[in-house]
1. Please order H13, H59, H80 by the number of other Cβ within 10 Å, starting at the fewest.
2. Fewest first, what order do M115, M23, M32 take by the number of other Cβ atoms within 10 Å?
3. Taking K104 as the anchor, which lysines have their alpha carbon closer than 23 Å to its alpha carbon, excluding any fewer than eight residues away along the same chain?
4. From the phi of every residue in region 42-50, what ³J(HN,Hα) in whole Hz does the Karplus formula 6.51 cos²θ - 1.76 cosθ + 1.60 yield, where θ is phi - 60° and glycine or proline is x?
5. Determine which residues of region 13-45 fall in the zone a paramagnetic label at E111 would reach in this model, i.e. backbone nitrogen under 13 Å from the point 7 Å along Cα→Cβ.
6. Along region 53-68, what does the Karplus equation 6.51 cos²θ - 1.76 cosθ + 1.60 (θ = phi - 60°) give for ³J(HN,Hα), rounded to whole Hz, x for Gly and Pro?
7. Please compute the contact order of region 1-122 in relative form: average sequence separation of alpha-carbon pairs under 8 Å and at least six residues apart, divided by the residue count, as a percent.
8. Using Cβ counts within 10 Å as a stand-in for footprinting exposure, how do F18, F66, F58 rank, fewest first?
Amino acid sequence: MSIIITLTRDMQHADGTFGQLVMPGCPMLYTMEDDWLENLKGKSCIPAGDYDLQRCIFHRKQIETFEVTGVPNRTRILIHPANTEEDVEGCIGLGLRLGELYVKKDEDTGEVGVMKKAVVSSRQAFNTWMWAMQGYDTAVLQVRWATGLPRPIDPLTA
């Protein structure tokens with residue numbers, strides 16, 4: 001038995017790409033990903049499309065999670081706790097809500113002690129996600145842009 005999960009990206013900002021993750025039996029969760037950089041490995045969010053999720057171990061954190069598979073020219077795209085784009089390398093971070101957090105060093109500018117857009121309560125969101133995924137070793141992840149293709153970052157709102 002498989003389940004369909006939808007990730008809809010509705011905000012591309014200088015601080016990352018943000019959206020919502022919706023699935024049956026789970027409250028809506030917020031997502032945080034890297035900017036869209038043409039699917040560049042370890043630097044970009046993944047292209048919109050339908051992908052398989054496979055239960056796996058995130059060895060760096062020693063936790064069970066899910067890997068997004070079937071992304072062209074990419075591997076080891078994980079769903080894991082993460083608040084800002086500094087916490088992901090092409091992966092998907094989960095949060096209970098949107099907010100702002102200080103980062104030690106902005107990965108784009110090198111600036112120290114910067115306030116950035118983020119998803120917050122990430123560990124709690126991740127635990128909620130994994131609880132909802134009990135009984136599933138695989139799933140389908142539908143990744144969509146709310147308005148079609150990724151749109152350029154608006155410097156007036158960034």
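1. Least crowded to most crowded, the residues run H59, H13, H80.
2. M115, M23, M32
3. K43, K61, K116, K117
4. x, 10, 10, 5, 7, x, 4, x, 9
5. The answer is 14-15.
6. 9, 10, 4, 7, 10, 8, 4, 4, 9, 6, 10, 7, 7, 10, 9, 7
7. Numbers: 289 pairs, mean separation 24.7, N = 122.
Rounded, it is 20 percent for region 1-122.
8. With the fewest neighbours first, F18, F66, F58 line up as F58, F18, F66.
Bear in mind that the values in this text are calculations on the coordinates, not laboratory data. Just so it is clear, the model here is predicted, and its values are computed rather than measured. Here Cβ is always computed from backbone atoms with ideal geometry, including for glycine, and neighbour counts include all displayed protein chains.
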